[in-house]
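Notes follow the structure.
We did not get these values from a lab; they are worked out from the coordinates using the rules stated. Since we're looking at a predicted model, the values are computed, not measured. Glycine gets a Cβ as well: all are built from the backbone with ideal geometry, and neighbour counts include every protein chain shown.
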Amino acid sequence: MDFLLPDDADPRRRSVREWLAANPRPTARQLAEAGYVAPHWPRPWGLDADPIQQLVIDEELRRAGVHRPVNPIGIGWAGPTLLHAGTQAQKDRYLMPMLSGEEMWCQLFSEPGAGSDLANLSTRAARDGDVYVVNGQKVWTSFAHMAKFGILIARTDPDVAKHQGISYFVCPMDAPGIEVRPIVEMTGAHLFNEVFFDDVRIPAANLVGEEHRGWELAKVTLSNERVSLSSGGALWGNGPAASDLFALVRAQGGVDDAGLRQRLAQLYIEAELLRLIRLRTVTAAVQGRPPGPEASIRKALADEHGQRIMGLAKDLTGTAGMLAGAGPLGTTDGSWNYGFLFAPALTVGGGTSEVQRNIIAERVLGLPHDVDVEAGKSWAEARRAP
């Protein structure tokens with residue numbers, strides 16, 4: 001594709017500028033209703049934007065200093081899954097408040113015994129008339145303490161293979177029987193949570209897609225999760241990015257140390273590769289194709305890239321890096337210290353780097369599985385079996 005963006009005379013750019021001139025300080029709801037929060041989504045929630053139009057909108061919003069609503073799990077993961085398999089009633093109810101940030105979302109997937117092997121989950125959802133009764137536990141649930149809704153996968157048929165018999169729900173987080181317990185990180189902040197379900201009753205109307213077919217939707221969500229977690233800033237789309245570090249270095253006149261210069265050059269190369277891969281995922285989305293293996297490639301690259309950004313920022317801070325409020329090259333931006341402490345989580349959350357590499361090996365390179373998990377046999381043994 002052509003990466004040259006349209007000039008000032010292009011009608012797509014003029015349209016955005018005219019809207020911003022009429023709405024210089026738009027509310028989150030105005031941005032959502034204009035289709036500018038997720039332009040590649042179909043109307044009326046987006047603009048059916050192609051990649052170039054989406055990049056133009058991004059550029060014009062940045063130029064105007066306008067920020068989109070923050071609802072990463074809702075907009076990045078839950079929304080695309082509802083667009084893919086939700087009923088019209090579910091789309092009408094949830095998508096616009098999600099886009100405007102009026103209703104935060106969380107993801108209720110991982111469990112103490114089902115992290116990387118997510119299909120091994122044990123949370124149960126038993127049908128009881130017009131509701132499902134849910135019992136179990138989830139862990140590492142970001143934003144559960146502030147979310148209005150969660151996307152939940154639970155086992156609805158325990159008597160079939162583990163990838164079957166799983167269903168996908170929209171879970172109201174204020175439902176009786178839900179308990180949220182915080183997990184405080186070494187940053188001192190509280191992003192993750194444990195969530196306990198004790199006879200929680202979820203309306204059957206909140207089932208997304210077909211009963212027992214939720215694993216297929218979970219894979220759609222996880223693919224979009226890997227896209228979301230590998231975009232924007234270095235901390236899963238948040239916090240400072242490599243470009244912010246480069247700007248600080250330039251403002252200070254550069255660095256003299258050859259080793260530091262080499263590390264900066266490597267970060268620049270990585271950032272450019274990630275930008276180009278992102279254009280591929282955007283193109284796939286607007287052409288109606290779900291995220292493919294490139295989502296895992298980008299996440300595997302982006303997580304380690306984020307750790308290297310924060311490690312270099314700490315090294316550039318020098319001895320002052322021992323102080324929580326110190327930033328690189330004499331700055332006093334404490335977000336860099338937070339990022340350094342948070343960065344070890346990047347290669348674990350949202351699917352470990354090892355899991356991403358397994359996906360790449362199998363789906364991109366065509367390598368065989370190491371083990372036939374169902375039979376407990378090696379791939380070679382499985383091939384030899386009659």
Q.
Quick query: amide H of VAL139 versus all other amide H atoms, modeled in the peptide plane; which residues come in under 5 Å with a sequence gap of 5 or more or a different chain?
A. SER110, GLU111, VAL195
(Q) How would SER167, SER110 line up from fewest to most surrounding beta-carbon atoms within 10 angstrom? (A) SER110, SER167
**Q.** Proximal lysines relative to LYS314, as straight alpha-carbon distance under 30 Å, when same-chain residues fewer than 8 apart are discounted
**A.** LYS299
Q) Counting other C-beta atoms within 10 Å, which of ILE75, ILE277 has the fewest, and how do the rest follow? A) ILE277, ILE75
**Q.** Positive minus negative residues near GLY101 (Lys, Arg vs Asp, Glu; Cβ under 10 Å)
**A.** 0
Q.
Suppose we keep just the DSSP beta bridges with both residues in the range 105-211; what percent of those would be antiparallel, to 5?
A. 85
Q. Just the projected area, averaged over all directions, of the convex hull on the alpha carbon atoms of the range 105-211: how many nm²?
A. 6.6
Q: Calculate the dipole size of the range 1-128 relative to its Cα centre from +1 charges on Lys and Arg beta carbons and -1 charges on Asp and Glu beta carbons; express the result in debye to the nearest 20.
A: 320
Q: Could you grab the relative contact order for the range 105-211? Cα pairs under 8 Å, six or more apart, rounded to a whole percent.
A: 30
Q) Using the Cα atoms of the range 11-64 to build a convex hull, what is its mean projected area in square nanometres? A) 3.3
Q: Please identify, among SER243, SER122, SER296, the residue showing maximal mean-square fluctuation in a Gaussian network model of the chain using a 10 angstrom Cα cutoff.
A: SER243
Q | Average Cα contact separation per residue, the range 23-88, under 8 Å, 6 or more apart, as relative contact order % | A | 23
Q.
What would the Debye equation give as log₁₀ I(q)/I(0) for the range 1-157 at q = 0.12, 0.19, 0.20 Å⁻¹, counting only Cα atoms as equal point scatterers?
A. -0.64, -1.16, -1.24
**Q.** Relative contact order [Cα under 8 Å, 6+ residues apart], the chain, whole percent
**A.** 12
Q | Max mean-square fluctuation residue, GNM over the chain, Cα-Cα springs under 10 Å, options ARG181, ARG124, ARG308 | A | ARG181
Q: Could you pull the Cα extents of the chain along its three principal axes, largest to smallest, in whole Å?
A: 66, 53, 43
